[in-house]
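The structure under discussion appears below in the form of structure tokens.
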Amino acid sequence: MESRYHPAEIEEKWQQHWAEEGIDQTSETRDRPKFYALSMFPYPSGNLHMGHVRNYTITDVIARVRRMQGYRVLHPMGWDAFGLPAENAAIDRGIHPAQWTYQNIAQMRAQLQRLGLSYDWTREVTTCSPDYYRWTQWIFLEFFKAGLAYQKESAVNWDPIDQTVLANEQVDSEGRSWRSGAKVERRLLRQWFFKITDYAEQLLQDLNQLEGWPERVKLMQENWIGKSTGAEVVFTTEDGDELPVFTTRPDTLWGATFMVLSPEHPLVAKLTTPEQAAAVQAYQSEAANKSEIDRTAEDREKTGVWTGGYAVNPVNQEKIPVWIADYVLMGYGTGAIMAVPAHDQRDFEFAKTFDLPIKLVVQPPDQPLEVSQMTAAYLHTGVMVNSGPLNGIPAGKGPGQSVEAAVQWLEQHGKGKGTVNYRLRDWLISRQRYWGCPIPVVHCPSCGIVPVPETELPVRLPEDVEFSGRGPSPLAKLESWINVPCPSCGTPARRETDTMDTFICSSWYFLRYPDARNEQQAFDPAKTNDWMPVDQYVGGIEHAILHLLYSRFFTKVLRDRGWLNFDEPFQRLLTQGMVQAAAYKNPKTGKYYPPSQLDLADPRDPQTGEPLEVVFEKMSKSKYNGIDPEQVLAKYGADTARMFILFKAPPEKDLEWDDADVEGQFRFLNRVWRLVTEFVAQPPATPSADASLTRAEKELRYAIHYAIQQITEDLEGDYQFNTAVSELMKLSNALTDAPCKESPVYAEGITTLIKLLAPFAPHLAEELWHKLGNTTSVHQQSWMKADPTALVVDEIPLVIQVMGKTRGTIQVPADADQATLEQYARESELAQRYIAGKEIKKVIVVPGKLVNFVVA
């Protein structure tokens, strides 16, 4: 009899068998309901980390359970393979980005296969492969045809030493280039945008359809879209140029005492007087070198410069000074604001800093307020004053209040109109990089922007490029690739040298999986509309905004282009928590130390001897707390790693790595192994001629079907994998303790345990299933349904109390009424020990629970 569990042998054997048999391949027949289970695909960095393992294990359990429940399941995997790290590798190591990327993919694919994940590898997609990015380019052209792709000038991070454009992540916290160390400048460059703002309202409203999404993710998207209602009002310069502003409080227009423009506003030069020109230009240069985050931080000191010019307030014809300040951004709203310092805190601070006038237009309802008394802006309810037609109206946004009245007045007098504004801005998709999807347009001196004909897609990335990290993008330096005839008129023209933001590639990959080998189309709408939307999407909370928002946007555009017949791509979303591990940190210096250098019983700073803090933080190399999945797989096997990750915490919560708990799961799987191998070694159970079950058999059958019921419930709704694993342990214990090991009920328990274990520990379950003599896969068996009759109990425990103190329990018939329960309790040996010879004053019976005797 084999008594040892050897995960390495078992796992390799069954992974090979499943691949040969193709048991994870997707069924194309539509005779069963569909279930599309999807994990967010990874960037191929070369190594899996524990966050990946957690994400993919969660989705795999869901996919395996749904297959056993009779669904046809699509569970694919691919690679989000374009991006900056590959280009950096090319510069640092002299290896082509494609070679580096495909090496990493091969390594990570092998790691994924060792985890026993039930992927249909025939549908694998790789976004950097021409057979994928051909269709990314086709989608770009769909956007272009719909008027949703356009070019305009936009600021970029410019490294003046390397003469190159930097991504935000290549600029350090001090605003310097990560490679050259130069102070980064902001420059204007003509770049491509997608007009996501056209879909702002739909993206906002359709959040209501997403009942299977976490509320906090929906709220994050709602805030990112940032809808606000108000009015657009047009101020004019003294020369008659229009300065439109958007305000959510048009009722305070009469309190505007100055205007502030973005330093990049096109009218700044015209408004600036000769006396102010030097100060304005110096301020513009300074602002150009700051990030948007720095410019809009609430707690930073207010800076600004007067242009020397004035604007006219349309509601009262007052002349007010026009300033520039870096906290006003050109990309949001109109790049101009009216400032009402009495009722806006930022305007109040600005006015105080530069000694600008403050005018009250809302008075508190109880006691009058004087400007001289104000230490902050007044932001509360009150009554309108100093506001012409609005005087005496209650201040506020409700019906009949001042905002509504102001909008009506503005519209009646042609001074402005009620409107809606969004924080969401159009999506800048241009990247001055090589390793990305080329934008399929040509710039012709005669025809302008000309799309590359669809028959000529893909526009392939050239391979004979040089990576230096200096100067423009490698594509922009390759004249042989750039110079092409115009597809429209044949005149010598130039290719677009920008590539697309990698978020473009990941905004439609889920539409490709249902038809991943199609060479004629991005996807066959019949196939993709059959499988979509994704039934369960699993990924990190860090993608709550951009990736999910962009994917929703793409879905709506392709729907409107006639390719899709649904509104939302992901029906249910699970954002798994992080995997954390113990890190050793000096709280004074913030420095982390590797555990290998420390005495873990008393961890101290090796240099200073100061005690170190032990903190659980997200695994990372810089904190020396990463756990290599390869080492865990080598020591314990994939099934143990999966079981630990599922058992340790609910999926949406952060998980703290603990070697002792990993060991605990390994011991549990060993117990299951022994339980089954001992059962196989004993003679087969012979059915009893007596059809009635013994009490032990009834109790075991109850435990079996209770486990089925509970685990099935845990795998629906919120996916409580941790309690499902706990129920597997309880069933294993019930089988271990059962005295009826020769009974058919025990055999039913063993079979049930293996089937219930299959989605969690697929290799061990398959091995044990075959040890029982089965020839088909356990993963092709039907999921069990609990038998309601097994869950009906004949007897229940009844608690016996004397004077409110519990003395023990007795077994009584489950259907006994109140009088019968009292009789059983009185006559029980247990109660007699405490009430014999005593006067019983009162008996309290709680049916189904307890009997309490009150004695003299």
Per-residue ³J(HN,Hα) for region 439-454, Karplus 6.51 cos²θ - 1.76 cosθ + 1.60, θ = phi - 60°, Hz, x for Gly and Pro: 7, x, 9, 10, 9, 10, x, 9, 9, x, 7, 10, x, 5, x, 4
Computed magnitude of the charge dipole of the chain (debye, nearest 20; Cβ of K, R +1, Cβ of D, E -1): 340 debye
Accessible surface of the chain, 1.4 Å probe, proportion on carbon and sulfur as whole %: 50 percent
Cβ-derived FRET efficiency at R0 22 Å, Glu185 paired with Thr273, nearest 0.05: 0.25
Cα-centred dipole magnitude for region 189-279, charges only on beta-carbon of K, R (+1) and D, E (-1), debye, nearest 20: 300 debye
Charge dipole of region 157-205 about the Cα centre (unit charges at C-beta), most positive-ward option of Trp192, Ser173, Leu204: Trp192
Region 96-192 - charge dipole about Cα centre, Lys and Arg +1 at Cβ, Asp and Glu -1, debye rounded to 20: 120 debye
Where labels lie 7 Å past Cα in the beta-carbon direction, separation of Glu519 and Asn565 in nm: 2.9 nm
Angle in degrees between helix 277-288 and the longest Cα principal axis of the chain, rounded to the nearest 10: 20 degrees
Ranked by how many other beta carbons lie within 10 Å on average, peptides 583-589, 81-87 from highest: 81-87, 583-589
Nearby lysines by direct alpha-carbon distance to Lys621 (threshold 23 angstrom, same-chain neighbours under 8 apart not counted): Lys585, Lys588, Lys591, Lys635, Lys648, Lys653
Ordering of 33-40, 761-768 by burial proxy (mean other Cβ atoms within 10 Å per residue, highest first): 761-768, 33-40
Partners for Lys302 among lysines (Cα-Cα distance below 16 Å; same-chain residues under 8 apart left out): Lys290, Lys352
Alpha-carbon gyration tensor eigenvalues x 5, square-rooted, for the chain, Å: 61, 40, 27
Gyration tensor (alpha-carbon) shape descriptor, region 662-745, a/c threshold 1.5: oblate
Sites Gln597 and Arg176, calculated FRET efficiency, Cβ-Cβ separation with R0 30 Å, nearest 0.05: 0.45
Bridge type composition, the chain - antiparallel percent by DSSP, nearest 5: 80 percent
Region 179-244 versus region 433-479: alpha-carbon centroid distance in Å: 29 Å
Helix axis angle, 84-93 relative to the chain longest principal axis, alpha carbon, degrees: 90 degrees
Probe 1.4 Å, all protein chains present, accessible-area order of Arg187, Arg495, largest first: Arg187, Arg495
Under 19 Å from Lys618, Cα to Cα: aspartates and glutamates that are on another chain or at least 8 residues apart: Glu542, Asp628, Glu630, Glu652, Asp654, Glu656, Asp658, Asp659, Asp661
Acute angle (nearest 10 degrees) that the helix 818-827 long axis makes with the longest principal axis of the chain, alpha-carbon atoms: 50 degrees
Whole-Å distance, taken between Cα centres, linking region 271-315 and region 98-137: 49 Å
Mean ellipticity per residue at 222 nm, deg cm²/dmol - from DSSP H runs of n ≥ 4 across the chain, formula -39500 (n - 2.57): -10500 deg cm²/dmol
18 Å Cα-Cα threshold exceeded, pairs from Lys152/Lys477; Lys755/Lys785; Lys195/Lys556; Lys805/Lys842; Lys698/Lys755: Lys152/Lys477; Lys698/Lys755
Burial ranking of peptide ranges 821-829, 145-153 (average Cβ count within 10 Å, highest at the top): 821-829, 145-153
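The values are calculated or read from the model by the stated rules, or taken from the named source; none is laboratory data. Every value quoted in this text rests on a predicted model; they were computed, and no experiment measured them. Cβ atoms come from the backbone with ideal geometry, glycine included; neighbour counts cover every protein chain shown. With ligands, DNA and RNA removed, areas are computed over all heavy atoms of the protein, side chains included. Shrake-Rupley method; radii C 1.70, N 1.55, O 1.52, S 1.80 Å.
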